[in-house]
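Taken together, the values in this text are just the output of simple stated rules run on the coordinates, not laboratory data. Every value quoted in this text rests on a predicted model; they were computed, and no experiment measured them. In this analysis, Cβ positions are derived from the backbone assuming ideal geometry, glycine residues included, and neighbour counts consider all displayed protein chains.
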Amino acid sequence: MNSSSYGDSSPIVAHATAIAESALAIIRTSGQGSIELVSRCFSPSKALLHSPGNTLVHGWIRDAEGNRIDEVIASVFRSPHSYTGEDGVDITCHGGIATVRSIMDLLLQGGFRSALPGEFTFRAFMNGKIDLTRAESVMELVEAKTDIARSHAVRRLSGALEQEIRQIRDLLVSALAATELFLDYSEDDGVSHIVAEEALAAGAPELDEEAAGILPDRESVEEARGRLERLGRSYRLEKLYQDGATVVIAGRPNAGKSRLFNRILKEERSIVTDVPGTTRDWIEAWISVQGIPLRLIDTAGLREAEDPVERIGVERSRSVLREADAILYVVDGERGIAEEDRAFLAGGGEPEGPPLVPVWNKADRRPAEENLLPVSAATGAGVTEAMDRIAALLESPGGAAEPRGLGAMTDKGSLGIASERQKRLIDQALQAVRETLDMASHGLPLDLIAPTLREAVDSLGEITGEVSTADILERMFSRFCVGK
């Protein structure tokens with residue numbers, strides 16, 4: 001990281017809204033001298049220049065010749081009471097593309113440089129306004145596709161995850177301090193005896209006097225292990241709420257797949273006829289079920305096709321099925337279960353495949369098998385139940401046959417991690433904590449245990465940013481939007 005990249009305090013500017021025709025657009029600035037630079041092209045300039053922080057100023061943006069470019073509202077922020085902790089001005093202008101570009105060009109010519117991806121949030125982190133968990137939640141909030149994803153990102157943005165990580169780290173720091181105290185005063189029988197008694201009371205194994213593996217404050221380490229395990233388990237569900245899953249509708253030709261697809265979407269997207277093989281390629285759409293974003297795909301009927309175009313469509317359908325996170329398999333209630341259906345429902349030789357919900361598409365006719373859920377693509381009967389079952393299977397570890405229910409991880413009190421970086425560091429800390437407890441249980445000396453405990457502390461410090469390096473920060477923030 002160098003002065004021409006992240007890490008300096010030079011004035012920066014970026015679009016905070018998309019470059020597209022709209023009623024309004026926002027151009028964001030920040031950095032040393034940014035208020036003065038904006039005032040040079042703002043009229044009345046003195047009103048902006050002398051405005052206190054957290055105020056709005058109405059005026060015009062003018063070019064070097066004094067020509068009016070646009071009527072705007074300037075939001076003035078002064079250090080340290082701003083998002084970045086620096087002086088800054090947000091310009092709200094009309095949303096015409098030519099207008100926005102003209103103002104941007106004027107600011108770039110007037111002394112600003114273009115902000116790098118995530119540079120505003122990077123500066124907020126460097127100036128102590130947020131930690132890294134809150135910084136990551138900014139983009140999670142931007143990318144949230146459902147209310148559950150949004151609400152969980154808001155909790156992390158408000159500092160709930162930061163607080164949890166710091167509390168776990170404090171537990172380990174306390175245990176590490178007690179361990180190092182034990183080492184420092186091992187010659188002092190009084191201190192050694194007191195610490196040993198506290199360790200035994202906390203659950204450490206009863207060892208001989210010559211054994212050196214008594215772990216002081218073992219209770220704190222074990223509590224930290226439990227809380228880290230819960231956070232680690234939360235990652236899969238948080239990613240599901242953030243990224244969603246692919247659900248493929250499959251079945252034989254003319255089983256009612258396209259009609260069911262349209263019924264779920266509540267719009268006519270797929271062509272529906274009585275002629276088998278009408279769907280020649282897969283069609284997709286995004287929906288939300290129980291707070292989970294689902295990429296729903298309608299596929300061509302699975303059969304040995306003679307028509308070369310249909311054959312290509314069937315092969316594409318099989319390719320999509322291989323990438324599915326869950327399958328909604330449709331059986332035609334009029335024709336009943338064919339051998340092809342039985343083979344697919346039996347797993348088709350792929351027992352490790354994605355979870356599958358088989359439905360009997362003619363709710364007015366009794367299903368031939370008890371495990372087939374009756375639905376009606378024509379009336380919508382049973383469709384909500386089928387999709388809820390898909391969501392429950394996706395939430396359950398490994399697509400278990402008996403899902404644990406949707407409420408367990410989606411309530412207001414839930415807390416999880418949603419970034420790969422956080423998951424990697426949680427795993428590192430958890431591994432170090434487990435090794436610490438294992439070494440202590442086997443009576444290994446504390447001078448070997450203490451460094452492992454320190455590894456756990458450092459891993460947690462890296463999650464919040466207390467322990468960080470320039471290349472890690474640059475790699476992380478480079479994935480953000482430019483205007484963030």
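Listed values, structure above:
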item: Nearest-0.05 FRET efficiency for residue 381 and residue 338, computed from C-beta distance (R0 25 Å); result: 0.60
item: Estimated FRET transfer efficiency (residue 45, residue 266; beta-carbon r; R0 45 Å; 0.05); result: 0.25
item: Fewest-first sequence of 15, 50, 152 by Cβ atoms within 10 Å of each Cβ; result: 50, 15, 152
item: Stretch gain in nm, segment residue 36-residue 181, where the contour uses 0.36 nm per residue and the Cα spacing is subtracted; result: 46.8 nm
item: Label zone at residue 447 (point 7 Å along Cα-to-Cβ), backbone N below 11 Å, the stretch 163-181; result: none
item: Alpha carbon convex hull of the stretch 12-129, projected area averaged over orientations, nm²; result: 6.5
item: Over 26 Å between alpha carbons, listed pairs 423/484; 46/129; 266/362; 266/423; 129/484; result: 46/129; 266/423
item: Kirkwood-type radius of the stretch 104-170, with distances r between different C-alpha atoms, in Å; result: 13.6
item: Bins of 10 Å from zero: percent of alpha-carbon pairs in the stretch 42-197; result: 9, 23, 24, 17, 11, 7, 5, 3, 0
item: Sequence of 286, 360, 60 once ranked by neighbouring C-beta atoms within 10 Å, starting from the fewest; result: 286, 60, 360
item: Theoretical gain in end-to-end length, residue 143 to residue 286 [0.36 nm per residue, Cα-Cα removed]; result: 50.1 nm
item: Extension reserve of the residue 295-residue 427 stretch, reckoned as 0.36 nm per residue once the Cα distance is removed; result: 44.6 nm
item: Separation in nanometres of the label points that stand 7 Å from Cα toward Cβ, at residue 435 and residue 71; result: 6.6
